[in-house]
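To keep things clear, I will list the structure first and then write my remarks on it.
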Amino acid sequence: PIRSVSVDLNNDASLLIDIPDALCERDKVKFTVHTKTTLSSFQKPEFSVPRQHEDFIWLHDTLVETEDYAGLIIPPAPPKPDFEGPREKMHKLGEGEATMTKEEYTKMKQELEAEYLAVFKKTVQVHEIFLQRLSSHPILNKDRNFQIFLEYDQDLSVRRKNAKEMFGGFFKNMVKSADEVLISGVKEVDDFFEQEKTFLLDYYSKIKDSTAKAEKMTRSHKNIADDYIRISATLNITMSFVSLQKVEGRVASDQELKLTELLRYYMRDIQAAKDLLYRRARALADYENSNKALDKARLKSKDIPQAEEHQQQCLQKFDKLSESGKKELTSFKGRRVVAFRKNLIEMAELEIKHAKVRSSIQLYYICFIMCTNELQYAWGICKILCEQI
Amino acid sequence: MFVLLCFQSGPASLTTEDLSTNANGPKQASLFDDDPDDLFAEATEEVSLDSPDRDVLLSDGPSPAITPMTPPTSVITPRIGHAHDDMFTHSSFDEVEEDGGDSFDIHISVSDPEKTSMSLFKLREFSVRRRFSDFLGLHSKLASKYLHIGYIVPPAPEKSIVGMTKVKVGKEDQSSNEFVEKRRSALERYLMRTVKHPILLKDPDVLQFLESSELPRAVSTQALSSAGLLRMVNKAADAVNKMTIKMNESDAWFEEKQQHFENLDVQLRKLHASVESLVLHRKELSMNMASFAKSAAMLGNSEDHTALSRALSQLAEVEEKIDQLQQDQANADFYFLSELLGDYVRLITAVKGVFDQRMKTWQKWQDSQMMLQKKREAEAKLQFNNKPDKLQQAKDEIKELEMKVQQGERDFEQISKTIRKEVGRFEKERVKDFKSTVIQYLETLLQTQQQMIKYWEAFLPEAKAIS
């Protein structure tokens, strides 16, 4: 499986995680999470557990809610497996079966099955990357809940319910509604963070837009591929148009894996970075408030020691967040640049490869039509052309 | 990696058809009668060409020897602008909207003027200017002369009130230019098909259309526009269906061919719909690419890593260039495939019309036979009742009817013969037409791919330069 989005994360032999297997039951996906480790904190050196998408979300949310990790970029949660697109198409196909030829129906069904498979592969990959981001992070990979997630061989649903009751998603909701305002409102003391703030806010809106536009492009490609299927089915010429369609369809899904997924992933990652900035801004606001409280206390000569201690705590928290945040954001930039580079190269190489395949097929078909009366001659040309790909 | 070909090629040599008509009709032992769906099946009849006048060729674009990469030279170029003002001063009293807004220049070149027996073509190359209504007028004349005797008269392009209004209003925008180009191309194809027909080429109306400097304004072009023709054909078809006497088709060839054209009709309509959908989706893709390119450019500007920023801008440029390619490709999709299919959907309607005409002719013949039978019975009765003067009248009527019956039979045989020839010619032309158009279309696809390769290969080092 190609790791389309991030650099190779599964490098450290002390903790290796992958999802070798997954089962799709009525749109509920069951992932097999497989761990190989040399760490003594785990009970066994190698083991596998079944996990659902909701378990991943639980893990992500508990990490976000953990105070100690406030200065870290928490890897974005994997999105819910979305089979809605192909499912709807399959439904439409079933309804329209009477109106199309058997050949057309078969071809469209095959195409849909390929789409299903692509969605499936994508969701496995995205869940895998989430875990690998955690395993490669020096602080997060020691998290207790992470270990439970990997190791606990029972159903996690009980824990999930308890967690929901405990946290109530409070922090998450707060972040969603207030972050932009708070981040931009706070007076920044540090140049580094000032720049990061400006950059991330702007970049986020741009990448969000690009992601949406890339998704539209992918859909258009898919529509064209479907048109070619219908054309080839009507023509009963099983050759070029079908191959063209196969390539066109494949392009749609390869391009999706490379470009759209890249953009989508980093959009979410940047949101996670913004969340970090928000938490730091919050801490700064708290610190400023504690200063004001201290001044007030001094004025009133009342509760000064408490106020001083509170102020110290706020300062410490803020400093810790700033220090950790700086490290995280710097390594984030590096990660992003490397991932973009890798994916842009791979995407360009795929485009070239597919364009070459398509032109060979077209040349081959041209020769064939021209020489329809002389099959052997045409076949000879076609063979020569095939060898040139 | 490649799909194996399940493709039937035509026979190595074309069989010559036996044109003698007998009651049972020659059965074409052809491999490909049972695959009517194969659009590229070679026509199985070779029509013996008895007319030496076929040497006159109006040269235009793709010659039968396929020369790839040369675009067809335009035979018809549109003339709008000042021509449109003086048309407008006439008010039109026709029921149909007078298409005063456009006239077209036709450039004609004759390949061998000496060989032709038609003295009219003295010049090698010349041009004439015709209005759109002139084309429609020509078609209506040809249809009224030739359809009922079994000739497949190519249908003229449709009128379009909406498009025409835009051009008249003088709107110089993208869509009205596209409309004019679409019309120009359609007229060119129509004219080419008409003059390729050996009989129609000799028709005085056609010659006048090609040659005279001024044509009298065509009256009531509404009469047999394409839509009008369709209505006429449908009415004829309805009339045939309503007949209580079903035609005894003694000739299996006709039965087969009618079925073949029915199937072809269905297939072509389906294809046409799919290709129209393809054109639409490709235009959408081009739009989406353009908007993505802009977005990627902005993302590149926002990016603070220099090399990555550069690469993203380059990506935006590549996508923009490819968007342009896709637009051009959509046009090719349209002009090559979609219009071809549209033309043939209409042509098949004309073919079906011709088969219906044959049935009408048969019906007429049958009717006169029945009348003859009745008259003979009446005559016998009169003889029995001994009425000498009425008897003579009856004998005269019978003589007349006998001649009518003979004529009816001759007409029927003639139209059947004509249709066989016509269908043979039509099928040959169709295969040639499809072949050459599909090849031209594939060439555009090929060109698009080659360009895309160039663009992406230029981008690759930029992506690799990100450090």
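The values are calculated or read from the model by the stated rules, or taken from the named source; none is laboratory data. Since this is a predicted model, take the numbers as computed values, not measurements. Cβ: placed from backbone, ideal geometry, glycine included. Neighbour counts: every protein chain shown.
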query: Based on what the data block shows, is B:Q267 facing another protein chain (nearest Cβ under 7 Å), at pLDDT below 90 and assigned to a helix (DSSP H, G or I)?
result: yes
query: Got a sec? Which of A:T106, A:T35, A:T99 is crowded, with 17+ Cβ neighbours inside 10 Å, over 24 Å from A:R336 (Cβ atoms) and either of a type in the set (D, E, K, R) or not assigned by the TED database to the domain that holds A:K258 (or both)?
result: A:T35
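Does B:A394 meet the test of being farther than 22 Å from B:H148 by Cα, more than 14 Å from every other protein chain (Cβ to nearest Cβ) and surrounded by fewer than 14 Cβ atoms within 10 Å (Cβ to Cβ)? Write out each step before concluding.
Numbers: farther than 22 Å from B:H148 by Cα: yes; more than 14 Å from every other protein chain (Cβ to nearest Cβ): yes; surrounded by fewer than 14 Cβ atoms within 10 Å (Cβ to Cβ): no.
So B:A394 does not fit the description; no.
Matching residues to (1) in the same structural domain as A:A212 (by the TED database); (2) at positive phi; (3) surrounded by 17 or more Cβ atoms within 10 Å (Cβ to Cβ):
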position: A:Q271; (1), (2), (3): yes, no, yes
position: A:R279; (1), (2), (3): yes, no, yes
position: A:A283; (1), (2), (3): yes, no, yes
position: A:N289; (1), (2), (3): yes, no, no
position: A:K300; (1), (2), (3): yes, no, no
position: A:D303; (1), (2), (3): yes, yes, no
position: A:Q306; (1), (2), (3): yes, no, no
field: Condition met for B:S295 (facing chain A (nearest Cβ under 8 Å), under 45 Å from the mean Cα position of the chain (by Cα), surrounded by fewer than 21 Cβ atoms within 10 Å (Cβ to Cβ) and in a helix (DSSP H, G or I))
entry: no
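Criterion first (part of a helix (DSSP H, G or I), buried (at least 21 other Cβ atoms within 10 Å of the Cβ) and facing chain A (nearest Cβ under 9 Å)) does B:F459 satisfy it?
On the way: part of a helix (DSSP H, G or I): yes; buried (at least 21 other Cβ atoms within 10 Å of the Cβ): yes; facing chain A (nearest Cβ under 9 Å): yes.
Spelling it out, B:F459 is indeed part of a helix (DSSP H, G or I), buried (at least 21 other Cβ atoms within 10 Å of the Cβ) and facing chain A (nearest Cβ under 9 Å).
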- prompt: Checking B:E303 against (1) surrounded by 20 or more Cβ atoms within 10 Å (Cβ to Cβ); (2) at pLDDT 95 or above, which single condition isn't satisfied?
  reply: (2)
Filtered residues of the stretch A:319-349 (kept if closer than 10 Å to A:G71 by Cβ and either surrounded by 15 or more Cβ atoms within 10 Å (Cβ to Cβ) or touching a helix residue (DSSP H, G or I) at 6+ places or on another chain (Cβ under 6 Å) (or both)): A:K320, A:L321, A:S322, A:S324, A:G325, A:K326, A:E328
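On the basis of being crowded, with 20+ Cβ neighbours inside 10 Å, at pLDDT below 90 and touching a Phe, Trp or Tyr at 6+ places or on another chain (Cβ under 9 Å), does B:S274 make the cut? Show your work before the answer.
Details: crowded, with 20+ Cβ neighbours inside 10 Å: yes; at pLDDT below 90: yes; touching a Phe, Trp or Tyr at 6+ places or on another chain (Cβ under 9 Å): yes.
In short, yes.
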task: Would you point out the residue of the stretch A:38-56, among those that are surrounded by fewer than 17 Cβ atoms within 10 Å (Cβ to Cβ) and within 22 Å of the chain's Cα centre (by Cα), that is nearest to A:Q313 (Cα to Cα)?
output: A:E54
task: Report yes if some residue within the stretch A:68-79 is part of a helix (DSSP H, G or I), assigned by the TED database to the domain that holds A:E115 and surrounded by 12 or more Cβ atoms within 10 Å (Cβ to Cβ); otherwise report no.
output: yes
query: Does B:S250 count as at the interface with chain A (Cβ under 7 Å from one of its Cβ atoms) and surrounded by fewer than 21 Cβ atoms within 10 Å (Cβ to Cβ)?
result: no
- prompt: Restricting attention to the stretch B:302-313, which residues are within 9 Å of chain A (Cβ to nearest Cβ) and assigned to a helix (DSSP H, G or I)?
  reply: B:S302, B:A307, B:L308, B:A311, B:L312
